[in-house]
Amino acid sequence: MKILVCISKTPDTTAKIAFTDNNTKFDVNGVQWIINPYDEWYALVRAIELKEADASTVIHLVTVGAADAEPIIRKALALGGDEAIRVNADNHDSYYIAAQIADVAKNGGYDLVLTGKETIDYNGSSIGGMVAEMLDMPYVSLATKLELAGTAATITREIEGGEEVNEVSLPVVVSTQKGMAEARIPNMRGIMAARTKPLKVVEPIAVDALTSVAGFGLPPAKAGVKLVPADNVDELVRLLHEEAKAI
Amino acid sequence: MSVLIVINTADGHVKKASLEAITYGAKVAEQLGVAAEGVVLGSVNDDLAGLGKYGVKKIHQVASDALNQLDAQLYTNVIAQVAQAAGATVIIFSNNVDGKALAPRLSVRLKAGLVSGAVALPDTSNGFVVKKNVFSGKAYANIAVNTPIKIIALNPNAYQTIAGEGVAEVVPFAATVGTPRVKVTSTTKASGEVVLTEAEVVVSAGRGLKGPENWGMVEDLAKTLHAATACSRPVADAHWRPHNEHVGQTGFAIAPNLYIAIGISGAIQHLAGVNRSKVIVVINKDPEAPFFKAADYGIVGDAFEVVPKLNEAIKKLKGVA
Ligand SMILES: Cc1cc2nc3c(=O)[nH]c(=O)nc-3n(C[C@H](O)[C@H](O)[C@H](O)COP(=O)(O)OP(=O)(O)OC[C@H]3O[C@@H](n4cnc5c(N)ncnc54)[C@H](O)[C@@H]3O)c2cc1C
Ligand SMILES: Nc1ncnc2c1ncn2[C@@H]1O[C@H](COP(=O)(O)O)[C@@H](O)[C@H]1O
């Protein structure tokens, strides 16, 4: 079993969101970077669990990013990947990133390609599907469970208002979310081991992005909360009905 | 040339999010001076011609048993064929579970730039620029699509459905479908309830409620408002409530018209999933709870007293006993 886990770097969930260069760039000043939570908690930890169940499993990690993504990929290695590949490219659209991942995956002979449900900065929820199409593989999105038996995968995915169980032959691309696994923290042994695990840097293939960012903005600030006394819920109902027209 | 809207169904019924996508797609078509067409895959029980009142002129219906469940590859094959036949230059999906499975694949297939999570009509005054949510709703980005064909996946609840007059022409479309590679072996649905990601009103509660036995008043209020119920992450983690109610950074992201948060502190990770709600009401006994900063209306008070009273007051307004 060979698994490729797609790891991206995102600002910490509590980071202040601001923009520079005439609102065309995210302001990285003072931002702490983390592994995108879905990639870490669900995709990577599920891969580690599969390796724990079958020791012959090999886990590769891939990230498309500049050198500043290395602490993130080392942390992912400390959690449990065997080796990592960094495609040395930054700031491109989903299509470009997917093409780099697909190129890494193409000759890797992976049975399973795992991504997170979405990046918490771009919120694309796109890269898994794009990689699957580029590799002509089936794609099961928003998966909450994944079990393997030989070359068959049983995958539970979210549908509107419920869940659906899918059966599919490997190889397959799966985007993962809550339910898939429980978050872990790296231990000392993992951190030490990660230092000597291979981290290969490869140059990107030539691909044209299909979209570009024209600019960013912040939503208008809320006007401020209108407080209603606890003993006057009728007033709240009136406001919701007449002013907000919400009920 | 046309704008092609991919219409989703569940159990044979057109999804509400698709009505939004149709209304939006019709508006885009008007902007570009082309026709709005739709495509429906699999069997449908609803009256498709009636969707004309949302502005779609023609609907291509592709009926095939293989399309009665979602296999992203087969769906992509079919939508690509319809898009070509219809001369589509813009393809609209809803950014719901189906849209997230399909739009990225189609983007690669047609080499068409994708904007997922769109929240407004495209700006076509200089190129083709679409506004989308980024940073989990804390900011937006304007994305320029630089390819001849463009794909937009519209966020649910981001565009108001408008029903007017009109009847769509429904035409069967003979497509090469292919063989499915994904087999659906079972489906489970939370029955009879309002689907959280589609709900207009959501009543949500957090650790302030102390234990699962206290959720009766939350469910009562939700029933009165015809609302879906939701919860904070620790509540789902402690199994007080099912995981499919967990909203926030790591749970569902929702954007209802009204979000009522009861006994939830308003941590940034919680807000990430709900801050696109149009109106937020917070009920919390701590006046310093961070949620009040993100709220439109609030009551500082004990949920156990306020919520039942609120339920009664709303019942009175709605004229239900
Ligand atoms: C990476 C990461 C991701 C996360 N993702 C999510 C997520 O997706 N969703 C999420 O919800 N959380 C998430 N969290 C957790 C989040 O940080 C908070 O811990 C969590 O939201 C708190 O839940 P709570 O508000 O229900 O509980 P608490 O923080 O314990 O707040 C309870 C609130 O109830 C109030 N209260 C108590 N008694 C009463 C009463 N009788 N009447 C009225 N009010 C009362 C209190 O004043 C308090 O404000 C995440 C955390 C991390 C680190
Ligand atoms: N730069 C990247 N390098 C590697 N994987 C990525 C990158 N960006 C996104 N991914 C993967 O694709 C998933 C979906 O990302 P997105 O489509 O941007 O929401 C993420 O959860 C990651 O698993």
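Give me A:SER56, B:SER116 sorted ascending by neighbouring Cβ count inside 10 Å, so fewest comes first.
Working: A:SER56 7, B:SER116 28.
Ascending Cβ contact count within 10 Å gives the list A:SER56, B:SER116.
Please give the net charge around B:GLY166, taking every other residue with its beta carbon less than 9 angstrom from that of B:GLY166, where Lys and Arg add +1 and Asp and Glu add -1. Write out the running numbers ahead of the final one.
On the way: positive: B:LYS53, B:LYS57; negative: B:GLU165.
Spelling it out: positives minus negatives among the neighbours equals +1.
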Percent antiparallel among DSSP beta bridges confined to the protein assembly as shown, rounded to 5, stands at 35 percent
With the label point 7 Å along the Cα-to-beta-carbon line of B:ASN126 and a cut-off under 15 Å to each amide N, the hits in region A:175-216 are A:213-216
Partner shielding of B:142-153, taken as the mean number of other chain Cβ atoms within 10 Å, equals 4
Place a point 7 Å from the Cα of A:LEU227 in the direction of its beta carbon; the residues of region B:288-307 whose amide N falls under 15 Å from it are B:288-302
Rounded to the nearest 10 degrees, the helix B:97-110 long axis (Cα) sits at an angle to the longest Cα principal axis of chain B of 30 degrees
Highest GNM mean-square fluctuation among A:ALA18, A:ALA153, A:ALA194, for chain A with Cα springs under 10 Å, belongs to A:ALA18
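Provide the percentage of antiparallel DSSP beta bridges, counting only those with both residues in chain A; round to the nearest 5.
Numbers: 19 of 44 bridges.
Within chain A, antiparallel bridges account for around 45 percent of the total.
Test of understanding: what is the full-extension gain from A:THR24 to A:ALA66, defined as 0.36 nm times their sequence separation minus their Cα-Cα distance? Spell out each step's value before the answer.
Details: separation 42, 0.36 × 42 = 15.12 nm, distance 1.88 nm.
My answer for the length gained is 13.2 nm.
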For region A:164-170, in residue order, the Karplus 3J(HN,Hα) values (coefficients 6.51, -1.76, 1.60; θ = phi - 60°; whole Hz; Gly and Pro = x) are 9, 9, 10, 10, 8, 7, 5
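Could you list, in their original order, any pairs among B:LYS293/B:LYS318; B:LYS16/B:LYS293; B:LYS210/B:LYS309; A:LYS16/B:LYS210; B:LYS131/B:LYS183 whose Cα atoms are separated by more than 27 Å? Mind dumping the intermediate values first?
On the way: B:LYS293/B:LYS318 29 Å; B:LYS16/B:LYS293 31 Å; B:LYS210/B:LYS309 19 Å; A:LYS16/B:LYS210 31 Å; B:LYS131/B:LYS183 36 Å.
Flagged as over cut-off: B:LYS293/B:LYS318; B:LYS16/B:LYS293; A:LYS16/B:LYS210; B:LYS131/B:LYS183.
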Per residue of B:301-312, other chain Cβ atoms within 10 Å number on average 3
One finds, for B:GLN84 and A:GLU235 with R0 = 60 angstrom and r their Cβ-Cβ distance, a FRET efficiency to the nearest 0.05 of 0.55
Along region B:292-300, Karplus-curve 3J(HN,Hα) (6.51, -1.76, 1.60; θ = phi - 60°) to the nearest Hz, with x for Gly and Pro, reads 4, 5, 9, 9, 8, 10, x, 10, 8
Among B:ALA199, B:ALA294, B:ALA227, the residue with the largest mean-square fluctuation in a Gaussian network model of chain B built from Cα contacts under 10 Å is B:ALA294
Taking 0.36 nm per residue of separation between B:ALA238 and B:HIS13 and subtracting their Cα-Cα distance, the length gained on full extension comes to 77.5 nm
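Within 10 Å of each Cβ in A:116-124, how many Cβ atoms from other chains are there, averaged over the peptide? Write down the numbers at each step before the final one.
Numbers: counts 0, 2, 5, 3, 8, 6, 8, 13, 10.
That works out to 6 on average.
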The simple spin-label model distance between A:ALA53 and A:THR196, using points 7 Å out along Cα→Cβ, in nm, is 3.0 nm
Rounded to the nearest 10, the angle in degrees between the Cα long axis of helix B:303-318 and the longest principal axis of the Cα atoms of chain B comes to 60 degrees
Extend 7 Å from the Cα of B:HIS226 along its Cα-to-C-beta direction; within region B:1-44, residues with backbone N under 19 Å of that point are B:13-20
Placing each pseudo-label 7 Å from Cα in the direction of the beta carbon, A:ARG184 and B:THR176 end up separated by a distance in nanometres of 4.6 nm
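Coordinate-derived values only; no laboratory data. The structure presented is a predicted model; accordingly, all values stated were derived computationally and were not measured. With ideal geometry, Cβ positions are generated from the backbone for all residues, glycine too; neighbour counts draw on all protein chains shown.
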